[in-house]
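Quick note: the coordinates plus some simple rules give every number you see, no bench work behind them. Remember, predicted model here, so these are calculated numbers, not experimental data. When we count neighbours, we look across all protein chains shown, and the Cβ atoms used for this are built from the backbone with ideal geometry, even at glycine.
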Amino acid sequence: MLVVGVGMPGFFDNPHSRVPGAAGETHPIPRLGIPSVVLADGPAGLRINPKREGDERSYHATAFPVETMLASTWNREVLRDVGRAVGEEVREYGVDILLAPALNIHRNPLCGRNFEYYSEDPLLTGEMAAAFVKGVQSRGVGTCLKHFAANNQETNRMLVDTIVSERALREIYLRGFEIAVRRSKPWAVMSAYNKLNGKYCSQNEWLLTKVLRADWKFKGFVMTDWFAGVDPVEQMKAGNDMIMPGKTHQINPNRKDEVEEIVSAVREGRLNEDILDRNVKNILGVLVGSPSFEKYKYSDKPNLDAHARVAYRAGAEGVVLLKNGGVLPLGKEAKIALFGTGQVETVKGGTGSGNTHPRYTVSILEGMRKRGLRVDKELAEVHVKYIDEMRAKEEYSIKEGMFGEPFVPRLPQDFLSEEEVERFAERDDVAFVVVSRISGEGYDRSPEKGDFYLSDDERNLLERVSRAFRKHGKKVVVLMNIGSPIEVASWRDLADGILLVWQAGQETGTVVADVIIGKINPSGKLPTTFPKDYSDVPSWNFPGEPRDNPQKVIYDEGIYVGYRYYDTFGVEPAYEFGFGLSYTKFEYKNLEVSKTGKSIKISFAVANVGSLPGKEVAQVYIRAPKGAMDKPYQELKGFHKTRLLNPGEAEEVEMEIGLKDLSSFDGKRWVLEDGEYEVRVGASSRDIRLTGTFTLD
Ligand code: BGC
């Protein structure tokens, strides 16, 4: 039955699939000449098994930076290039549809899968996703936008009821999907696990038919997330065309066999066959264009070397320089003392279905060595030895995660004595301290020490290093190898530089080394706010009520998500949305604003007035007049990443913003308020360099 897929027995990766490790397939119907079509994750690169039984060859795929880091590039071309590279791997490994991109909004920094999502802002999310989808689909394979919608936590994700106003849905949680659907025509959409205002997303006709198809004109097909929802008949009626992975009753006793249930519903007159025809038509309409239908002879040999370069370039544009007290870039001769076990156990990305199996991951230590940086050898060896010893203990041994990926317990970081640190401070020129975090599917992060906050041992290490190196007039840089914000305000004074290197995929180490020596001038900007403290976060009730087993999560903060909240309610973040430093300086000038019919034209120039070549992300925020509806202080309505500007060079930037995009949803319709609007152009949401106005009546 075409409306029910195949994914068992590997649950999330079927070892018996035509492409082992792919998350699922559609049912073949040989009688009608319909082949099965292969579906595989995910956002940071294709996830399939790298090895096959009885087969000497390997099937590794490139590990690209995680989505949050891709969004930090603010560069549509980078996203398109990454999409093209992933798309080639999808096609050449015999897969038809990539289960990505993921577009859920960063409602709370602790969502365990935030690294798989782009941003707290729907415009940035939608633009990045659309560029990625276009790239992937240019290779003749499909994408699947997920998880539709308002799946902003992992805790109880399969049953939690997300209660959220239609305004917040339309303006924040659905908006990114809408942009991507309209602009890039994805082949498929994956409905989310959670309930939305009382109904499972996969059984929610309003969401899947009214909004997605009637309002946005989506033409592809909808599949469930794996094992989502409880009622196959309701799923069919709601417009959820395909149920994945099929046979879900085997692991969920609350469910009946989908095929039996659908057949008996038709027989008993509970389900009109026209609905099934409609759903089958939606699915087939897409599948006929897939490589499997066209009997494409894939090579199993994508160009992994070329794609490694794409992954590197994406990482190079996504690193965010958060602090630089005259320490970076470093001369190549500087002697480096590298602290923290993350230098060896560098985190390339998160766990779960968003994991990848690349040929290699360049750790931070390896990257520095590869680029010829002078890393203190003894200190590196001490780390390697410590890690080996600790991992041999049961408590710290590496276990297997939910998707077969390694689960690596965090190691205490303050294993060096004060005297030992002092010795390195005497002989080396600068200290780097790596702080790593990993999270993933199936659980949320914790608002405690060791996750959102530094653990005591991490803080001890940083204090020791800072004290010792500063005593000798030497500087300290923290490298944050993380997938989602952590608290920085209480310790940032201990560091002279902070580099947010995110989880940059297989090339993490090379990217880091090249940023340190200035071969790469950082040009990433934050796609999500770093709050000063967890208590400042607006989604105070995350992950819902009751806390230990939430059945319901109420999005009380409404549209005030991320900077929309911090800016409107005067809460100062540690690092604001859109923030990121460079090794050079940019000046903004000549803002012009004009109204033309249904849009606003904005132009300005960005000049490099510093001494090194660099790229700048110019952001345009609009502040609406006070009208009948509540409005955030400002909202991102456009952005542009410049080309590499040499010192003295300038780029003219032109943008057009549709008036419709300035409207707000009043619960029934989109409303555009009269009055004077302020155009705010800047280098971050709180570093506005130019302002202008226009009036609407
Ligand atoms: C995840 C999806 C993924 C699917 C198949 C689910 O657990 O939520 O994002 O595509 O598994 O692996």
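Observations, loosely collected:
- Backbone amide hydrogens, once placed in the peptide plane, bring G638 within less than 5 Å of V620, excluding anything fewer than 5 places away on its chain.
- Across the range 389-398, computed HN-Hα scalar couplings (Karplus, 6.51 cos²θ - 1.76 cosθ + 1.60, θ = phi - 60°) run 5, 5, 5, 6, 7, 3, 4, 10, 5, 7 Hz from first to last residue, x flagging Gly and Pro.
- Which of W502, W491 has the fewest Cβ neighbours within 10 Å, and the rest in rising order: W491, W502
- From phi via Karplus (6.51, -1.76, 1.60), per-residue ³J(HN,Hα) for the range 590-596 in Hz, x at Gly/Pro: 6, 6, 10, 10, 9, 9, 9
- Ranked packing of 562-571, 329-338, most packed first, by mean Cβ within 10 Å: 562-571, 329-338
- The range 90-122 versus the range 626-655: alpha-carbon centroid distance in Å: 25 Å
- Charge sum, other residues only, whose C-beta stays under 13 Å from S36's C-beta, Lys/Arg counted +1 and Asp/Glu -1: 0
- Based on Cα contacts under 8 Å between residues 6+ apart, the chain shows a relative contact order of 14 percent.
- Burial ordering of I438, I97, I657, fewest other beta-carbon atoms within 10 Å first: I657, I438, I97
- Dipole moment magnitude, nearest 20 debye, the chain about Cα centre, only Lys, Arg, Asp, Glu C-beta charged: 1600 debye
- Amide H contacts of K585 (H built 1.01 Å from N, in plane; Pro and chain starts excluded): V609, G610, S611, L612 sit under 5 Å, all sequence-distant by 5 or more or on other chains.
- Summarising the amide proton neighbourhood of T143: residues at separation of 5 or more, or on other chains, whose placed amide H is nearer than 5 Å comprise L98, W187, A188.
- Counting only Cβ charges, +1 for Lys and Arg and -1 for Asp and Glu, the dipole size of the range 106-203 around its Cα centre is about 320 debye.
- Note, ³J(HN,Hα) from phi for the range 665-680, Karplus 6.51, -1.76, 1.60, rounded to Hz, x at Gly and Pro: 8, 8, x, 10, 8, 7, 10, 10, 7, 6, x, 8, 9, 9, 9, 10
- Separation of the S138 and R423 label points, Cα + 7 Å toward Cβ, nm: 5.4 nm
- The range 64-134 - charge dipole about Cα centre, Lys and Arg +1 at Cβ, Asp and Glu -1, debye rounded to 20: 120 debye
- Calculated mean residue ellipticity at 222 nm for the chain: -7000 deg cm²/dmol, from DSSP H runs with n ≥ 4 weighted as -39500 (n - 2.57), summed, divided by the residue count and rounded to 500.
- Computed label-point distance, nm, for sites D457 and R470 using a 7 Å Cα→Cβ extension: 2.4 nm
- Taking the range 7-126 and dividing mean pair separation by its residue count, relative contact order in percent (alpha carbons under 8 Å, at least six apart): 22 percent
- Farthest toward the positive end of the dipole of the range 1-126, out of Y93, M1, S72, is the Cα of M1, where the dipole comes from beta carbon charges about the Cα centre.
- For K370 and D674, the difference between the fully extended length at 0.36 nm per residue and the C-alpha to C-alpha distance is 103.6 nm.
- Relative contact order for the range 186-286, counting Cα pairs under 8 Å that sit 6 or more residues apart, in percent: 27 percent
- Centroid-to-centroid, using Cα positions, the range 602-620 and the range 503-572 are 25 Å apart.
- Projecting label points 7 angstrom from Cα along Cα→Cβ for D388 and D300 puts them 3.6 nm apart.
- Fraction in percent of alpha-carbon pairs per bin - 10 Å, the chain: 3, 15, 26, 26, 19, 9, 2, 0, 0
- Rounded Å value of the spacing that divides the Cα centres of the range 49-64 and the range 287-334: 19 Å
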